[in-house]
Amino acid sequence: MRDNKEALRAMSPDSAGRRSPVSTQNIPIGVLCPSEMAAKMEELLRDFPSFQPVLKPYAQADDIVELAGSLIGEVEVILFTEHYAYRLAGDRIRFPVPAQVVPMTGSGLYRALFRVHKQYGLRPLSMDSIPEKASRHLMREFGLEERRFFLFDGPSRPSVDDLVKFHRRHFERDQSVAVTGAAEAARRLSALGIPCVWATPSDYDIIVSLERALLSTETRKMRESQIVVAFILVDHFDKLENRQSSEHELQRLKLDVYRHLLDYADSMQGYLTSLDGSQYLLVTTRGVLERETGGYKSIPIAKEIKANFQLTLSIGIGFGRSASEAGNHARSALRHAVSAGGNSCFIVREDGGLIGPLEMGDSLEYNLSLLSPDVLKKAEQAGLNTAYLSRLASQIAKKGKTDYHAHELAFIFGVTTRSAHRMLMKWVDAGLAEIVGIHPSGTRGRPKQIYRLTFMEDIVKRR
């Protein structure tokens, strides 16, 4: 890895790059959902690091308008998970920001009908909050044209009372099963002893709606055109030179790699220049990068280069409020990629926070974007490099614990127990860990100290 580090030093100027003290806030989004859906929404929102969610769960319809009104001036977009709540709030409030609703599509309806069939068998249906065209199409697909089903035919802006009366009427008259898109209606129907299934949007529908909400925000529109700088380094280039039989073959390989990278830059509507044959500079926009990487998840060109040339890349990407800041952040991100052993990509955001490692075609360990810039800085100062940090975060995410013995960390890092103990002492001194107990080792040997890695507790909370 020495050659990578030397190349990195050669391409970086002095380390006096200044970082703006101002933090870039994520995009605030207000989400109104029934209390039963709050946990699911929290889980799905974790896949949208650009959002700063303000979750407003409600148990009663009377709370919806007040909760929606409290979001005005606090968020850039509002998302409702129920059509009923969206209509109710829209009748009372004029929203100064985009307000959207998660649609009830085929997948959610399929799931609801499956539950009806499983729990109640073939019985008539009474349905609300579901588009007439979609429901009739679904019935035809199920081959249920002859089966009786009743669509809500009351007011265009129904109250919960209206929905409950509709389903109760058909239950008493037709022994129907209620399929409702309103959580409160489902609760009240169940309390009345009326068979009922609450139809909720599928995870896919919610994710698509979150993506649309993101695209509708002003911050997002501005970020779409934000300049992004990336440094691309061919790993272990000196060894590559030694493998070639002639200078002609070496130059041909360089040209082939350059051509692939040029094609990649063209697909990203970017500009690419070669710095010295093993190092490249790519400039593009944030919107294109996000789409190309699937939301900062993978780097397709890395897999292509590896498949065609048996080469790996270290990539550092920088965001910034200026081209200079983006360039400095890109160099910092590249240092993380090199210190991780190469074949990796990291992104440094405007606020200095780290995203990565991104997928390079191999299985990666853990995405560090959930750790704050302060934690990452302290960990680095305490000798915990990106590779060790990613490996440790992966173990904690899988096991759900933050208490470890030195020998456990030695196994995770592939080092001696003595080395792991020295690391832990540094972490304790830096305030990243604390000794919380002693575990007896048996008839022989000294008791083992138990260390709590306090700086990793957020990962356990997000499991």
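Every read-out reported here was derived from the displayed coordinates using simple, explicitly stated rules and does not represent laboratory data. Keep in mind that what you see is a predicted model, and the values were worked out from it rather than measured. Glycine gets a Cβ as well: all are built from the backbone with ideal geometry, and neighbour counts include every protein chain shown.
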Q) Can you give the alpha-carbon Rg of region 240-303 over 2.2 N^0.38 Å, where N counts its residues? A) 1.29
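Only counting other Cβ atoms within 10 Å, I'd like CYS345, CYS33 sorted with the fewest neighbours first.
Details: CYS345 29, CYS33 25.
Going from sparsest to densest Cβ surroundings: CYS33, CYS345.
For region 225-364, what is Rg from Cα atoms divided by 2.2 N^0.38 Å, rounded to two decimals? All intermediate terms of the calculation are to be shown ahead of the outcome.
Numbers: Rg = 14.4 Å, N = 140, 2.2 N^0.38 = 14.4 Å.
Relative to the 2.2 N^0.38 Å estimate, region 225-364 comes out at 1.00.
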**Q.** Net charge, SER35 excluded, C-beta distance under 14 Å - Lys, Arg +1, Asp, Glu -1
**A.** -3
**Q.** Centre separation in Å (Cα based) which lies between region 162-205 and region 217-238
**A.** 49 Å
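If I stretch the segment between ILE435 and LEU122 completely, what's the gain in nm (0.36 nm per residue apart, minus their alpha carbon distance), one decimal?
Working: separation 313, 0.36 × 313 = 112.68 nm, distance 6.11 nm.
106.6 nm is the gain from fully extending ILE435 to LEU122.
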Q. How many nm separate the modelled label positions at ASN308 and VAL415, each set 7 Å beyond the Cα in the direction of the Cβ?
A. 3.9 nm
Q. Considering only DSSP beta bridges whose two residues both sit in region 225-364, what percent are antiparallel, to the nearest 5?
A. 75 percent
Q: Between ARG212 and SER246, with labels modelled 7 Å along Cα→Cβ, what's the label distance in nm to one decimal, could you check?
A: 6.1 nm
Q | For THR312, distant residues with modelled amide H under 5 Å away | A | ASP235
**Q.** Approximate spin-label separation SER324-ASP161, in nm, with each point projected 7 Å along Cα-to-Cβ
**A.** 6.6 nm
Q: Report, by chain and number, residues whose modeled amide H sits under 5 Å from the one on TYR58, excluding near sequence neighbours (fewer than 5 apart, same chain).
A: CYS33, SER35
